[in-house]
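K.L.:
Let me give you the structure first, and then I'll get to my questions.
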Amino acid sequence: GAFVFLISITPKSALLSLPVAGGTLLGVLAFPDTFGARIINFFSFADSANNYRISVWNSVWDMLGGCLFGGIGAGDEAFSIAYLNYAAPGTESVPHSHSLYLQIVLQLGLIGLIIFALAFFLIVQKSYSSSASNNSEKSMKYISNACVSGAVSLLFSGLFDYTWYNRRIFFLFWVLLGLAVAAVNVRKDELDNSQRARMSTSDCAE
């Protein structure tokens, strides 16, 4: 999220990826039994947590074969009932799909995922197009970009877990997007008021 925010402020911040990657490599070499082992576990299929998630994902993929477009409906109860018919051994009691995107498709269908992606894209486009304006007020620009960056970080986490299972995170995600849109609208209103004031002054002078 911090990285996306810095790039939104100045694209030159992308150069920070180089020292970050270098620092991560040094950390792995300096602390192979702690930091290095943790990094390696992210990509290891021998890790029990990774195997568990992959088993759940495979089971959910099997479920999607019969409800790809319409979904099974929202709610934990609907998931628990439907999942039992496809659950891999040892994952029968899983409360969700451990993936935000799989969960959206499972509950709302592919159409639901497309609508969600489109809504998020339009909010991001509105925020960044407003930020790119030469008339952008900096404080509002930083607020909208920071909120969008925070939402992006939550969506990234959603690749590996159903983050909306926690209602506070679900609420926080939409609050961030709401604040981003509000900041854009405040900036637009200030610009419109400034233009009207200039026109009024010009008319009086004439």
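K.L.:
Give me the pairs: first residue in region 174-187 and farther than 15 Å from F121 by Cβ, second residue open to solvent by less than 10 Å² (accessible area, probe 1.4 Å) and of a type in the set (G, A, S), beta-carbon distance under 8 Å, and six or more apart or on different chains, which are they?
P.N.:
As it stands, the answer is L176/A151; L179/S144; A183/S127; A183/S144; R187/S144, since those pairs meet every condition given.
K.L.:
Here's a follow-up. Residues in region 77-93: is at least one surrounded by 13 or more Cβ atoms within 10 Å (Cβ to Cβ), modelled with pLDDT of 75 or more and in contact with a Lys or Arg (Cβ under 7 Å, 6 or more places away or on another chain)?
P.N.:
no
K.L.:
Same structure again: All but one of (1) on the phi > 0 side of the Ramachandran plot; (2) open to solvent by 20 Å² or more (accessible area, probe 1.4 Å) hold for W164; state the number of the condition that does not hold.
P.N.:
All conditions pass for W164, except number (1).
K.L.:
Then there's this: Taking interchain pairs and intrachain pairs at least six residues apart, which have beta carbon atoms under 8 angstrom, with the first residue in region 5-23 and touching a residue at least 40 places away in the same chain (Cβ under 8 Å) and under 15 Å from S129 (Cα atoms) and the second assigned to a helix (DSSP H, G or I) and open to solvent by 50 Å² or more (accessible area, probe 1.4 Å)?
P.N.:
S8/Y128; I9/Y142
K.L.:
Is it the case that some residue within region 173-191 is of a type in the set (A, V, I, L, M, F, W, C), farther than 28 Å from F69 by Cβ, open to solvent by less than 30 Å² (accessible area, probe 1.4 Å) and at pLDDT below 90?
P.N.:
yes
K.L.:
Here's another thing I want to ask about it. Give me the helices (runs of 4 or more DSSP H) completely within region 67-169, filtered to those with at least 1 residues that are farther than 30 Å from I9 by Cβ and hydroxyl-bearing (S, T, Y), ordered by residue number.
P.N.:
76-83
K.L.:
Look through I123, I111, I115 and report the one residue that is open to solvent by 30 Å² or more (accessible area, probe 1.4 Å), under 12 Å from V184 (Cβ atoms) and not aromatic (F, W, Y).
P.N.:
I123
K.L.:
Okay, next question. For residues that are open to solvent by less than 30 Å² (accessible area, probe 1.4 Å) and touching a Leu at 6+ places or on another chain (Cβ under 9 Å), scanning just region 142-161, find the one that is farthest from A49 (Cα to Cα).
P.N.:
S144
The values are calculated or read from the model by the stated rules, or taken from the named source; none is laboratory data. Just so it is clear, the structure is predicted and the values come from calculations on it, not from any experiment. Ideal geometry is used to build each Cβ from the backbone, glycine not excepted, and the neighbour counts take in all protein chains shown. Remember, those area values only see protein heavy atoms, side chains included, never the ligands or the DNA or RNA. Shrake-Rupley method; radii C 1.70, N 1.55, O 1.52, S 1.80 Å.
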